[in-house]
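A.B. asks: If you scroll down you'll find the structure; I have some questions about it.
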Amino acid sequence: IIRMFEDGNVCVVGLRGRGKDMLMSNVVVRRSIPYVSNVCYDLQHHIEFNPSDFSCGGNSYKNFIEKSVNKYVYPFPDGTDLYLSDCGVYYPSQYCNELNRDYKHVPTYMALSRHLGQANVHTNCQNLNRIWDKLREQSDQYISCIWCKVFFGKIVLQKVIIYDNADSCQGRV
């Protein structure tokens, strides 16, 4: 699972209390490198999430087609991944039209994050369809959290299913 997070964008899904943040926290702590997140999983390496950091210079497809790309300096050290918990709250699918209009640069950032900062973008939500489709499409792999148990306050046992296809994940195949 850690290798999946190192190699590409991962979307973690599951019902409430099934261990989505527990899984992401485990990955963050084991990787032991700086990360950006709206949730502090590890005090030592946490960089606070600021949505404006992902403006990609305001560039959209038009800038690339017209060769008028605005300069953008990746604001973090190379390899600093973004972990966005409850992504459907920040980028909810029901506001697709407004997000397409007002935040068209965010999918560009996600598509270019590896090129900009050797970084990946990881999200979690209860249901894959709750995330704005432009962000859902940027995930390389999906993890569905089935259950999570904590023993003695420090031993965690989780059951997950790994998908490489969004439709299979959404259908809970």
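The values are calculated or read from the model by the stated rules, or taken from the named source; none is laboratory data. The structure displayed is predicted, hence computed values, not measured ones. Every residue, glycine among them, receives a Cβ derived from its backbone with ideal geometry; neighbour counts consider all protein chains shown. We work out accessible area using only protein heavy atoms, side chains counted, and drop any ligands, DNA or RNA first. Shrake-Rupley method; radii C 1.70, N 1.55, O 1.52, S 1.80 Å.
A.B. asks: Write down the percent of antiparallel bridges among all DSSP beta bridges whose residues are both part of the chain, to the nearest 5. Before the final figure, lay out each step's value.
C.D. replies: Working: 10 of 26 bridges.
The answer is about 40 percent antiparallel.
A.B. asks: Could you tell me the extents of the stretch 49-120's C-alpha atoms along the three principal axes, largest first, rounded to whole Å?
C.D. replies: Taking the Cα atoms of the stretch 49-120, the three principal extents are 32, 29, 16 Å.
A.B. asks: Run lengths n ≥ 4 of DSSP H only: what is the helix-derived mean residue ellipticity at 222 nm for the chain, with -39500 (n - 2.57) per run over all residues, to the nearest 500?
C.D. replies: -8000 deg cm²/dmol
A.B. asks: Only Cα pairs within less than 10 Å get springs; with that Gaussian network setup on the chain, which residue of 86, 42, 102 has the largest fluctuation?
C.D. replies: 102
A.B. asks: Would you mind checking the tilt of helix 105-117 against the longest principal axis of the Cα atoms of the chain, expressed as 0 to 90 degrees and rounded to 10?
C.D. replies: Orientation of helix 105-117: about 80 degrees from the principal axis.
A.B. asks: Note down the relative contact order for the chain as a percent, whole number, built from C-alpha pairs under 8 angstrom at least six residues apart. Can you show the working numbers first?
C.D. replies: Working: 294 pairs, mean separation 53.4, N = 173.
Across the chain, relative contact order equals 31 percent.
A.B. asks: Arrange the residues 16, 172 by how much accessible surface each exposes, largest first, with a 1.4 angstrom probe.
C.D. replies: Correct descending sequence by accessible area is 16, 172.
A.B. asks: Quick query: amide H of residue 84 versus all other amide H atoms, modeled in the peptide plane; which residues come in under 5 Å with a sequence gap of 5 or more or a different chain?
C.D. replies: Amide H neighbours of residue 84: 122, 123, 124.
A.B. asks: What span do the alpha-carbon atoms of the stretch 80-173 cover on each of the three principal axes, reported in whole Å from largest to smallest?
C.D. replies: 47, 30, 23
A.B. asks: For the chain, take the longest principal axis of its alpha carbons; what is the angle in degrees between that and the long axis of helix 20-31, to the nearest 10 within 0 to 90?
C.D. replies: 80
A.B. asks: Would you list 24, 4 from the most to the least accessible area, probe 1.4 Å? Let's see the in-between values first.
C.D. replies: Working: 24 0, 4 25 Å².
From most accessible down to least: 4, 24.
A.B. asks: On to the next question. Output ³J(HN,Hα) for the stretch 71-82: one whole-Hz value per residue in order, computed from phi by the Karplus curve 6.51 cos²θ - 1.76 cosθ + 1.60 with θ = phi - 60°, and x for Gly and Pro.
C.D. replies: Once rounded to whole Hz, the list reads 5, 9, 9, 4, x, 10, x, 3, x, 8, 7, 9.
A.B. asks: Moving to a separate point now. In whole Hz, with x marking every Gly and Pro, tabulate ³J(HN,Hα) for the stretch 119-129 from phi via Karplus 6.51 cos²θ - 1.76 cosθ + 1.60, θ = phi - 60°.
C.D. replies: Listing the rounded values in order: 10, 10, 10, 10, 10, 9, 6, 6, 9, 4, 5 Hz.
A.B. asks: How far apart, in nm, are two points set 7 Å out from the Cα along the Cα-to-Cβ line at residue 94 and at residue 78?
C.D. replies: 4.3
A.B. asks: Starting from the Cα-Cα distance between residue 32 and residue 146, subtract it from 0.36 nm times their residue separation and give me the gain in nm to one decimal.
C.D. replies: 38.5 nm is the gain from fully extending residue 32 to residue 146.
A.B. asks: Which value in Å is the Kirkwood Rh of the chain over different Cα pairs?
C.D. replies: 16.6
A.B. asks: Any of 71/134; 20/104; 134/159; 104/134 with alpha carbons more than 20 Å apart? Name them for me.
C.D. replies: 71/134; 20/104; 134/159
A.B. asks: Now, a different point. GNM on the chain, C-alpha springs below 10 Å: top fluctuator among 109, 163, 90?
C.D. replies: 90
A.B. asks: So for 68, 52, what's the accessible-area order with a 1.4 Å probe, most first?
C.D. replies: Per-residue accessible area, sorted high to low, gives 52, 68.
A.B. asks: Counting only residues 5 or more places away or on other chains, whose amide H sits under 5 Å from the amide H of residue 160 once H atoms are built in the peptide plane?
C.D. replies: When sequence neighbours closer than 5 places are left aside, the close amide H contacts are 146.
A.B. asks: I need the phi-derived Karplus couplings for the stretch 51-65: 6.51 cos²θ - 1.76 cosθ + 1.60, θ = phi - 60°, integer Hz, Gly and Pro marked x.
C.D. replies: Residue by residue, the stretch 51-65 yields x, 5, 5, 10, 6, 6, x, x, 6, 9, 4, 4, 4, 6, 5 Hz.
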